[in-house]
Amino acid sequence: MTKSLASMTGFARHAGTHDNASFVWEIRSVNGRGLDLRLRLPAGLDALEPALRDAAGKRLKRGNVSATLTLRREAPVAMMVDEAALEGFLRHALALSDRIPGAMVPRAEALLALPGVIRPALADEAADDAQAAQQEALAATLAAGFDAALAALDQARREEGGRLAAIASDLLDAIQRLIAAARAHAPEQAAQHRARLRAALADLLGDADPLPQERLAQEIALLATKSDVREELDRLDAHVGAARALLADAVAVGRRLDFLMQEFNREANTLCSKSASLELTAIGLDLKATIEQLREQVQNIE
């Protein structure tokens, strides 16, 4: 299977039916530092959550993901209060209230909202078993529907990832061209710094005795070493190669690309600080702007 880049942005919807019920899964995904899944499930279906989280973790690596399940039953389900569950909750709530000075007594609506207090009404034990079997079958259908919605979301994120890969490749091409342009100006750096130093010394010393030529040569040599931008350009070339390799690797490379963007910025900033000409400074600023555009795209990659 060919590896493909995935975005963290996407949307998917899956609808289905089960007996007298219809359901719709909607999943939205946006950028995130890790994988953060938020599930909105109808009352009584909280037991599904661990399996759903496990399924999402197998398909998705990063992103803030919001999944909503809408469930409609064609026939109303008779509900009843589970007296044993209510009695247990009430006993513990009253005991806790007595232990906390000034605490309010438990409210009826709060107790009724607790899980398991209100449940479907059952005629007898056989009906209880049938209801449990129906709930298990419904849960399996809903889990399968969630997996189908996840597959659609994964496909949408990969389609968006293909577009991101094309944009990132174009921006890397632009960065490569700017590096080549900067490299063409690199040999001029020493001469321009030398001329700038001589002019500054002439203004500073005026008619005074000039500096010894040996001392001046030492300063020019030191300045030329400090102003050499070839090392920064070599590193930028290496970063471009590393970025292309990560894009080709494709699988969960967003975080590594994000770290690499910091290295791009560091070298571009150093290039601008060492520049001795307006031309090289302009190239450095264009380089920084292009790197920022690339960083914005990288933020969307899984």
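Look through region 76-103, keep the residues that are part of a loop (DSSP other than H, G, I, E, B), of a type outside the set (Asp, Glu) and modelled with pLDDT of 80 or more, and return whichever of them is nearest to LEU41 (Cα to Cα).
Of everything passing the filter in region 76-103, ILE100 is nearest to LEU41 (Cα to Cα).
State all residues of region 13-53 that are in a strand (DSSP E or B) and charged (D, E, K, R); if no residue qualifies, say none. Give the derivation first.
As a first pass, look at region 13-53 and keep what is in a strand (DSSP E or B): 13-18, 21-30, 35-40.
Those that are in a strand (DSSP E or B) and charged (D, E, K, R): ARG13, GLU26, ARG28, ASP36, ARG38, ARG40.
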Handout entry: Residues of region 251-289 classified as in contact (Cβ under 8 Å) with a residue 60 or more places away in the chain, under 30 Å from ASP154 (Cα atoms), open to solvent by 20 Å² or more (accessible area, probe 1.4 Å) and part of a helix (DSSP H, G or I), total
Key = 1
Practice task
From (1) under 29 Å from ASP19 (Cα atoms); (2) in a helix (DSSP H, G or I); (3) at pLDDT 80 or above, pick out the condition that doesn't hold for PRO115.
Solution key: (2)
Exercise for the section: Return a yes/no flag: does region 231-251 have any residue that is modelled with pLDDT of 60 or more and on the phi > 0 side of the Ramachandran plot. Expected result: yes
Practice task
Determine which single condition MET79 fails, assuming it passes every other condition in (1) surrounded by 12 or more Cβ atoms within 10 Å (Cβ to Cβ); (2) in contact (Cβ under 8 Å) with a residue 24 or more places away in the chain.
Solution key: (1)
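The values are calculated or read from the model by the stated rules, or taken from the named source; none is laboratory data. In this text the structure is predicted, and so the values were computed from the model without any measurement. Glycine also receives a Cβ, built like all others from the backbone with ideal geometry; neighbour counts cover every protein chain displayed. Keep in mind that these areas ignore ligands, DNA and RNA; they rest on the heavy atoms of the full protein, side chains included. Shrake-Rupley method; radii C 1.70, N 1.55, O 1.52, S 1.80 Å.
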